[in-house]
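I have placed the structure first, in the form of structure tokens, so that the comments after it can refer back to it.
The values are calculated or read from the model by the stated rules, or taken from the named source; none is laboratory data. Keep in mind that what you see is a predicted model, and the values were worked out from it rather than measured. FYI the Cβ positions are ideal-geometry reconstructions off the backbone, even for glycines, and counts take in every protein chain you see.
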């Protein structure tokens, strides 16, 4: 019995160290534990001869399992089918006027607004209306839906560094997403959503005309799809099985050359020179296609010299 109790104690210590704070214990197990502890409690010494002090009974305090209240598992909002995108025509005018009209339409779209949690924003593209290069992601994340601008979180900050490495400023390119809202996931009791999920096919289908309209207004010379979801949103779900099949290759979308590469978050997860070099080689092709100057220093970025 001693060995069993020691083994039980060691296991409870291990569970506590791993973060377990309570266990479900049956009444039968508790009864057996009380019996074992009582059997190990030494009997009280008999009172001295002539003493009137009564013998103190040996008692085992009753163990009560801690009560732990579990919050109900958050339930995702019920899925309501998205309507088909409504055809629309941009007004005549210069780029700035057409872009402003498109922005107003997207930010005021009742379907887009209905998908956004309270206090968050519909997200629209940003950048130069004279950009030669347009970067396309899949959907906004937590930081983006707060600021209403694409690629402003950690992945966006890395994208900005990549653009700078190309010899450009963020303000000289155009950056957008296929999706105009953050795809919803279950939230906690405060309404805070943790994590992201890829957009569904109906979500992509609803927002894609808005991306095409941005491409029409900006009229970039070429596009860069960032990540598998963005690439499938532009080329079709059956265009490839793994991104590696077409990464670094030129495709076409909306009558423009399309380069497919990894999402900047890939680098955040794989911060090796090899991973960085894979994306950088794709961007070198983009620079050459866009007739941007490429220095020898730029050609050597992230090459292992050892």
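Among the candidates 209, 220, which residue alone is in a loop (DSSP other than H, G, I, E, B), closer than 22 Å to residue 88 by Cα and over 22 Å from the mean Cα position of the chain (by Cα)? Step through it out loud before you land on a result.
Values: 209 fails: in a loop (DSSP other than H, G, I, E, B).
Unique residue meeting the criteria: 220.
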Every residue in region 171-206 that is part of a loop (DSSP other than H, G, I, E, B), in contact with a strand residue (DSSP E or B) (Cβ under 6 Å, 6 or more places away or on another chain) and surrounded by 14 or more Cβ atoms within 10 Å (Cβ to Cβ), please.
173
Filter result for the condition that a residue is in a loop (DSSP other than H, G, I, E, B), modelled with pLDDT of 70 or more, touching a helix residue (DSSP H, G or I) at 6+ places or on another chain (Cβ under 6 Å) and within 30 Å of residue 145 (Cα to Cα), over 85, 118:
85
Across region 158-184, what is the total count of residues that are at negative phi and either touching a residue at least 60 places away in the same chain (Cβ under 8 Å) or within 15 Å of the chain's Cα centre (by Cα) (or both)?
13
Checked against (1) surrounded by 14 or more Cβ atoms within 10 Å (Cβ to Cβ); (2) in a loop (DSSP other than H, G, I, E, B); (3) in contact with a helix residue (DSSP H, G or I) (Cβ under 9 Å, 6 or more places away or on another chain), residue 167 satisfies every condition except (1)
Would you confirm whether any residue within region 232-244 is surrounded by fewer than 22 Cβ atoms within 10 Å (Cβ to Cβ), touching a helix residue (DSSP H, G or I) at 6+ places or on another chain (Cβ under 7 Å), outside any helix (DSSP H, G or I) and in contact (Cβ under 8 Å) with a residue 60 or more places away in the chain?
no
Filtering helices (runs of 4 or more DSSP H) wholly in region 248-306 for at least 1 residues that are in contact with a strand residue (DSSP E or B) (Cβ under 8 Å, 6 or more places away or on another chain) gives 264-269, 273-289
